[in-house]
Amino acid sequence: MFHEPEFWVAVSFFLFLGLLIYLKVPALVTKALDARADAIRKEIEEAARLREEAQKLLAKYEGMRKQAEQEAEEILAVAKQEAEAVVAEARKAFEELIERKRASADEKIRQASMHAVKEIRAHAADLSVAAAQEVLSGRIKGAKATKLIDESVAAIKEKLH
């Protein structure tokens, strides 16, 4: 038995275990493992806390994004309404301008028509006076005829103009 290597290996093994227990190595290993477990637990808790903060930030930014989208839609709606109002106002101003131009043209046409009628009447009056003068000068002769013709022409001119 004392000559066998297995015996000495077993004795060495038990002495090694005894030495480890005497030096409190298992307690140190347990303590190191507990410290490592605590560090891992703290890292997990920190990661969970960071994840929770990230989710809160994500929710906050999602809310801000939705709010910004709503504001953008409201701005677009207001801009569209303002653009429609500007277009309607421009259309109304254009229609008013066209109406004023049409009224001005109608007035010019009316005035030109009245002027043409006056010119035609004046020309007709002149022709009538000339014709009456021809007729009267052929029938009445002398100083009396000249005086009568001049009075008649003056009277006709006054009535026609």
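Would you be able to say whether some residue in segment 18-33 is surrounded by 10 or more Cβ atoms within 10 Å (Cβ to Cβ) and outside any helix (DSSP H, G or I)?
Looking for residues that are surrounded by 10 or more Cβ atoms within 10 Å (Cβ to Cβ) and outside any helix (DSSP H, G or I), one finds at least one in segment 18-33, hence yes.
Scan segment 1-17 for residues that are in a helix (DSSP H, G or I), modelled with pLDDT under 85 and of a type in the set (A, V, I, L, M) and report the count.
Summing the residues that are in a helix (DSSP H, G or I), modelled with pLDDT under 85 and of a type in the set (A, V, I, L, M) in segment 1-17 gives 1.
Which pairs turn up if I take residues in segment 36-59 that are surrounded by 10 or more Cβ atoms within 10 Å (Cβ to Cβ) and look for partners that are among the aromatic types (Phe, Trp, Tyr) with beta carbon separation below 8 Å, at least 6 apart in sequence or on another chain?
none
The values are calculated or read from the model by the stated rules, or taken from the named source; none is laboratory data. From a predicted model like this one, the values you see are computed outputs, not experimental measurements. In this analysis, Cβ positions are derived from the backbone assuming ideal geometry, glycine residues included, and neighbour counts consider all displayed protein chains.
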